[in-house]
Ligand SMILES: Cc1cc2nc3c(=O)[nH]c(=O)nc-3n(C[C@H](O)[C@H](O)[C@H](O)COP(=O)(O)O)c2cc1C
């Protein structure tokens, strides 16, 4: 029985809007389609903050295009009637070989965006990694998804007292894995953000007002929520700032391997080092007893002209495979990208923008749709490749397009 509220024009309008969004989501057949929906809903500055990379964005483009350097080599007449995408990620069985990579400020893409994404991750049976720079605090997310596999991403902060407080809070809130990101001593030169004068909260300027007003779906949510750096609030460090300023004030560019070793000692659970591209750095991580590395260039947002994550992956797997779990993120927008990463030795992959396009398009339902698309692509590609389970995926499944037979 529909309640009285549903007779009100407001709720009728809401239901109508929800049906419209659902229709659009069902029409979306790829992550690229979801990106288009996000483009239509977000103001330019917010879209660019997600979409953009550093400097000439060469590394950003490479992340995606380097997957084309590898081709999948199918085997036929394999019984693929019974398939499983299950994978063990740092000791826990997951439904899929992927996790949500940490993405700061998700709460400005959709109201309460971190909670929406974490709920979708929980439903899908994959880990959600919360950023230090989230809008929702780590306690808010823990309360919202008590049974989800929660990972917490930490940056080195100048204020070590505050950094230790964050570590304690993450442990108390039962985050299972600590992901320490080490590729952000300062912010890469993100020219789109500088041009758009992107700040938190968004500072309305004459030049951008019309654009914001043309995105009422986003604007109404943004006016109701209060975008801020949720994990810094009680430290008195929240405020009106650009991302580059926030990072310059808060993050510690002097952090070195001794500091990484200190964090390793402090954190009792499994730990991942995120943002490595060099095999010797991966070896150093293993020597410190770190259980996992994320091969990553921060989605092309830090050092431009650094290699694509998938290009750096094979050397890191050769250096430390078997001693630590190797993950990769950057440019993953297809089920076949996930397959290629696994074939090259990754245990799992991280989703950054692919998940954010779903979130920005339609909140929790949009993330569900992004995951559904990737699940279907992964499942059908596994069948066509002749690998019914993730454990069947091996180096023999890919060939380099540059090697002639
Ligand atoms: C909007 C946005 C915010 C991000 N914030 C963080 C962050 O707070 N911490 C972090 O370690 N990485 C952050 N990243 C990098 C992602 O964790 C991940 O490495 C990257 O998005 C992977 O590339 P992809 O977007 O092509 O999948 C961010 C990326 C984006 C797009």
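The values are calculated or read from the model by the stated rules, or taken from the named source; none is laboratory data. Keep in mind that this is a model prediction, so the values were computed, not measured. Quick reminder, even Gly has a Cβ in these numbers, built from the backbone with ideal geometry, and neighbours come from all protein chains shown.
Would you check if there is a residue in the stretch 182-194 being touching a helix residue (DSSP H, G or I) at 6+ places or on another chain (Cβ under 9 Å) and more than 16 Å from residue 243 (Cα to Cα)?
Among the residues of the stretch 182-194, at least one is touching a helix residue (DSSP H, G or I) at 6+ places or on another chain (Cβ under 9 Å) and more than 16 Å from residue 243 (Cα to Cα), which makes the answer yes.
Would you tally the residues in the stretch 113-136 being farther than 13 Å from residue 367 by Cβ and more than 14 Å from the ligand (Cβ to nearest atom)?
Residues of the stretch 113-136 that are farther than 13 Å from residue 367 by Cβ, as a first pass: 125, 127, 129-136.
Right, trim to more than 14 Å from the ligand (Cβ to nearest atom) and you get 125.
Qualifying residue count, the stretch 113-136: 1.
Quick one: in the stretch 137-156, which of the residues that are within 13 Å of the ligand (Cβ to nearest atom) and touching a residue at least 60 places away in the same chain (Cβ under 8 Å) is farthest from residue 259 (Cα to Cα)? Quick ask: steps written out before the conclusion?
First, pick out the residues of the stretch 137-156 that are within 13 Å of the ligand (Cβ to nearest atom): 138, 151-156.
Now restrict to residues that are touching a residue at least 60 places away in the same chain (Cβ under 8 Å): 138, 151, 153-156.
Working: 138: 23, 151: 20, 153: 16, 154: 13, 155: 11, 156: 9 Å.
Filtering first and then ranking leaves 138.
Could you say which residue among 379, 368, 392 is under 21 Å from residue 40 (Cα atoms) and more than 15 Å from the ligand (Cβ to nearest atom)?
Details: 379 fails: under 21 Å from residue 40 (Cα atoms); 392 fails: under 21 Å from residue 40 (Cα atoms).
Going through 379, 368, 392 in turn, the sole match is 368.
I'd like the full set of residues that are in contact (Cβ under 8 Å) with a residue 24 or more places away in the chain and surrounded by fewer than 24 Cβ atoms within 10 Å (Cβ to Cβ), limited to the stretch 322-341.
Of everything in the stretch 322-341, those that are in contact (Cβ under 8 Å) with a residue 24 or more places away in the chain and surrounded by fewer than 24 Cβ atoms within 10 Å (Cβ to Cβ) turn out to be 323, 324, 325, 334, 335, 336.
Kindly indicate whether any position in the stretch 320-339 is more than 8 Å from the ligand (Cβ to nearest atom), farther than 18 Å from residue 131 by Cβ and modelled with pLDDT under 95.
Yes, some residue in the stretch 320-339 is more than 8 Å from the ligand (Cβ to nearest atom), farther than 18 Å from residue 131 by Cβ and modelled with pLDDT under 95.
Please determine, by comparing only the residues of the stretch 97-112 that are more than 10 Å from the ligand (Cβ to nearest atom) and part of a loop (DSSP other than H, G, I, E, B), which one is surrounded by the fewest Cβ atoms within 10 Å (Cβ to Cβ).
111
If I ask for residues that are within 9 Å of the ligand (Cβ to nearest atom) and assigned to a helix (DSSP H, G or I), which ones from the stretch 347-365 would you list?
Applying the first criterion (within 9 Å of the ligand (Cβ to nearest atom)) to the stretch 347-365 yields 349-356.
353, 354, 355, 356 - these are the residues of the stretch 347-365 that are within 9 Å of the ligand (Cβ to nearest atom) and assigned to a helix (DSSP H, G or I).
Hand me the list of helices (runs of 4 or more DSSP H) wholly inside the stretch 20-86 holding 1 or more residues that are farther than 19 Å from residue 330 by Cβ.
Numbers: elements: 31-41, 44-51, 58-65.
It comes to 31-41, 44-51.
Any chance the stretch 79-96 includes a residue that's under 30 Å from residue 244 (Cβ atoms) and within 16 Å of the ligand (Cβ to nearest atom)? Don't jump to the end; show me each part of the working.
Pass one, the stretch 79-96, residues under 30 Å from residue 244 (Cβ atoms): none.
No - not one qualifying residue is present in the stretch 79-96.
Out of all the residues in the stretch 261-272, which are part of a loop (DSSP other than H, G, I, E, B) and either over 19 Å from residue 131 (Cβ atoms) or touching a helix residue (DSSP H, G or I) at 6+ places or on another chain (Cβ under 6 Å) (or both)? Give the steps one after another, and end with the answer.
First pass over the stretch 261-272, keeping only residues part of a loop (DSSP other than H, G, I, E, B): 267-270.
Hit for the stretch 261-272 is 268, nothing else.
Could you identify the single residue in 105, 71 that is touching a residue at least 12 places away in the same chain (Cβ under 8 Å) and under 25 Å from residue 344 (Cβ atoms)?
Numbers: 105 fails: under 25 Å from residue 344 (Cβ atoms).
None of the other options fit; the residue is 71.
Okay, residues lined up against (1) touching a strand residue (DSSP E or B) at 6+ places or on another chain (Cβ under 6 Å); (2) exposed (fewer than 15 other Cβ atoms within 10 Å of the Cβ); (3) part of a helix (DSSP H, G or I):
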position	(1), (2), (3)
188	no, no, no
192	no, no, yes
204	no, yes, no
228	no, no, no
246	no, no, yes
254	no, yes, no
259	no, no, yes
274	yes, no, no
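Within the stretch 52-70, restricting attention to residues that are away from the ligand (no atom under 12 Å from the Cβ) and under 12 Å from residue 192 (Cβ atoms), which residue is surrounded by the fewest Cβ atoms within 10 Å (Cβ to Cβ)?
The selected residue is 56.
Going by what's in this entry, would residue 36 be described as more than 16 Å from the ligand (Cβ to nearest atom) and closer than 20 Å to residue 342 by Cα?
Working: more than 16 Å from the ligand (Cβ to nearest atom): yes; closer than 20 Å to residue 342 by Cα: no.
It is false that residue 36 is more than 16 Å from the ligand (Cβ to nearest atom) and closer than 20 Å to residue 342 by Cα.
Does residue 44 qualify as being surrounded by 20 or more Cβ atoms within 10 Å (Cβ to Cβ) and either in contact with a strand residue (DSSP E or B) (Cβ under 7 Å, 6 or more places away or on another chain) or within 24 Å of residue 199 (Cβ to Cβ) (or both)?
Numbers: surrounded by 20 or more Cβ atoms within 10 Å (Cβ to Cβ): no; either in contact with a strand residue (DSSP E or B) (Cβ under 7 Å, 6 or more places away or on another chain) or within 24 Å of residue 199 (Cβ to Cβ) (or both): yes.
No, not satisfied.
Report every pair of residues separated by at least 6 positions or lying on different chains whose Cβ atoms are under 9 Å apart, first residue within the stretch 284-310 and more than 14 Å from residue 182 (Cα to Cα) and free of Cβ contacts under 8 Å to residues at least 24 places away in the same chain, second assigned to a helix (DSSP H, G or I) and more than 12 Å from the ligand (Cβ to nearest atom).
none
How about the stretch 119-132: which of its residues are more than 11 Å from the chain's Cα centre (by Cα) and either closer than 20 Å to residue 172 by Cβ or free of Cβ contacts under 8 Å to residues at least 24 places away in the same chain (or both)?
122, 132
In the stretch 284-301, which residues are within 9 Å of the ligand (Cβ to nearest atom) and touching a strand residue (DSSP E or B) at 6+ places or on another chain (Cβ under 8 Å)? Full working, then the answer.
Of all residues in the stretch 284-301, those within 9 Å of the ligand (Cβ to nearest atom) come to 294, 296-301.
If the condition is that a residue be within 9 Å of the ligand (Cβ to nearest atom) and touching a strand residue (DSSP E or B) at 6+ places or on another chain (Cβ under 8 Å), then 294, 296, 297, 298, 299 are the ones that fit.
For the structure I just gave you, tell me whether residue 319 is over 21 Å from the mean Cα position of the chain (by Cα), in a helix (DSSP H, G or I) and without any contact (Cβ under 8 Å) to a residue 40 or more places away in the chain.
Numbers: over 21 Å from the mean Cα position of the chain (by Cα): yes; in a helix (DSSP H, G or I): yes; without any contact (Cβ under 8 Å) to a residue 40 or more places away in the chain: no.
No: the conditions fail for residue 319.
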